[in-house]
């Protein structure tokens with residue numbers, strides 16, 4: 001493919017109450033850009049999280065970012081010691097960044 005850069009894609013699902021801590025951790029890893037998707041639901045180690053349940057105030061967020069391999073290793077290295085406490089999950093996969101406007105990785 002033309003005009004693409006091989007990168008790592010990280011998808012991190014946590015409770016919204018841990019989002020600020022995760023953003024600080026990403027800052028320590030020199031991550032410059034990511035997307036936060038709020039009101040994510042699902043079922044996992046913390047049970048069901050339904051964003052449409054008006055009685056349940058807990059909600060998940062999904063944080064998606066793409067970065068170079070060495071930066072992904074830094075994020076995972078900083079995230080691994082706190083993942084059990086944060087709950088949720090972190091997925092790392094290969095991806096291609098399609099070059100366009102200024103990159104934010």
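The values are calculated or read from the model by the stated rules, or taken from the named source; none is laboratory data. Remember, predicted model here, so these are calculated numbers, not experimental data. In this analysis, Cβ positions are derived from the backbone assuming ideal geometry, glycine residues included, and neighbour counts consider all displayed protein chains.
Within region 89-103, if we keep just the residues that are more than 15 Å from the chain's Cα centre (by Cα) and either closer than 12 Å to residue 66 by Cα or part of a strand (DSSP E or B) (or both), the residue that is modelled with the highest pLDDT turns out to be 96. Quick check on region 19-39: of everything there that is within 12 Å of the chain's Cα centre (by Cα) and not in a helix (DSSP H, G or I), which residue is surrounded by the most Cβ atoms within 10 Å (Cβ to Cβ)? That would be 31. The residue of region 47-88 that is modelled with the highest pLDDT, among those that are surrounded by fewer than 11 Cβ atoms within 10 Å (Cβ to Cβ) and assigned to a loop (DSSP other than H, G, I, E, B), is 57.
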